[in-house]
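The values are calculated or read from the model by the stated rules, or taken from the named source; none is laboratory data. From a predicted model like this one, the values you see are computed outputs, not experimental measurements. Using ideal geometry, Cβ is built from the backbone for each residue, glycine included, and neighbour counts are taken over all protein chains shown. The area values use the complete protein model at the heavy-atom level, side chains included, leaving out ligands, DNA and RNA. Shrake-Rupley method; radii C 1.70, N 1.55, O 1.52, S 1.80 Å.
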Amino acid sequence: MFPGFRGEALVDSDDLPDITKSRVRNLRMRLKPEICKSLGDYPASDETKKKADDILDFFVSQLPEVRKVLWTDIDASYEGDPAAKSYEEIILAYPSLEAIAIYRMAHLLYNKVPLLPRIMAEWAHSRTGIDIHPGAEIGSHFFIDHGTGVVVGETTKIGSHVKLYQGVSFIARSLAAGQALRGKKRHPTIEDGVCIYAGTTIMGGDT
C-alpha cells in the first residue's frame, strides 16, 4: 500500500510503476495457492484455479480504492493525535494503521474466500493487539488511538470519522444461541463522527 516505506526503498519515483507491477504479480503468485487451499482444493483443479484468478482479479482491482481510504485513515490519525509528528511516523510506527490496512484488505476477500480473511485478521491481532473481524463494515477516516484490546465484531457497522481508544469492544449481547445467530446482526452500529473512550464496551443492538 505504501511502496518505499517498508522493505526496499525506491531509488527513484519513476521506478514506481514497474515496482508496483512486479509486487502485484508477486502478490498474485503467493495468494493464488492460498486461495485454492482455502477453497478446499489443493493441488487445485482447473476450475478452482479459474475461481482463484477471478477472486484475485477483483482483489487487485480494489487495491487503489483501499489505498485512497487508508490515506483518509492516516489523515484521521494525524489530525486526531497531537503526538503524531508526521505521516511517515503513522505509516511506519502506528499499530492501528497496520491493523486497519489488513482489515480493509481482508474485508475485500470476506464472503469470497473461506478462512483466509480470518487468518489475515488474526495475524494483525497477534501483531497489534487490535482484533477487527473482516466482516465488519468501517467507513473512512477511521482512527484507533493506542489500540491494545480493541475488539470489533463481525456484524459491527462503523460510520466515517470515528475515533476509538484502547480497550473499546463492540461485541454481541449474547452468544448463548451459538450457530443459530449466524447471519444475524449481533453487534452495534456506530454513527458518523463519534469518539469512544478507553475501556468502553458496546453490545449488539446498541447504537
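Looking at (1) in contact with a Leu (Cβ under 8 Å, 6 or more places away or on another chain); (2) free of Cβ contacts under 8 Å to residues at least 12 places away in the same chain; (3) among the aliphatic types (A, V, I, L, M), which is the only condition Met105 fails?
Result: Met105 fails condition (2) only.
Restricting attention to region 156-173, does a residue exist that is open to solvent by 50 Å² or more (accessible area, probe 1.4 Å), touching a residue at least 60 places away in the same chain (Cβ under 8 Å) and closer than 22 Å to Glu98 by Cβ?
yes
Give region 156-207 a look and list any residue that's at pLDDT below 95, touching a Pro at 6+ places or on another chain (Cβ under 8 Å) and either part of a loop (DSSP other than H, G, I, E, B) or of a type in the set (Gly, Ala, Ser) (or both), or say none.
Gly204, Gly205, Asp206, Thr207
Checking the conditions here, which among Glu79, Glu47 is surrounded by 13 or more Cβ atoms within 10 Å (Cβ to Cβ) and acidic (Asp, Glu)? Break it down into steps so the answer makes sense when it comes.
Numbers: Glu47 fails: surrounded by 13 or more Cβ atoms within 10 Å (Cβ to Cβ).
Exactly one residue qualifies, and that residue is Glu79.
Among the numbered conditions (1) farther than 25 Å from Cys195 by Cβ; (2) surrounded by 12 or more Cβ atoms within 10 Å (Cβ to Cβ); (3) under 18 Å from the mean Cα position of the chain (by Cα), tell me where Ser96 comes up short.
For Ser96, the failing item is (1).
Under 6 Å by Cβ, and 6 or more places apart or on different chains, what pairs join a residue from region 35-58 that is hydroxyl-bearing (Ser, Thr, Tyr) with one that is outside any helix (DSSP H, G or I)?
Ser38/Val113; Ser38/Pro114; Ser38/Leu115; Thr48/Leu39; Thr48/Asp41
Can you name the condition, by its number, that Ala84 falls short on among (1) touching a residue at least 12 places away in the same chain (Cβ under 8 Å); (2) open to solvent by less than 50 Å² (accessible area, probe 1.4 Å); (3) assigned to a loop (DSSP other than H, G, I, E, B)?
Just one mismatch for Ala84, condition (1).
Can you tell me which condition Val113 does not meet? The list is (1) farther than 20 Å from Val24 by Cα; (2) assigned to a loop (DSSP other than H, G, I, E, B), and all the others hold.
(1) is the only condition that Val113 fails.
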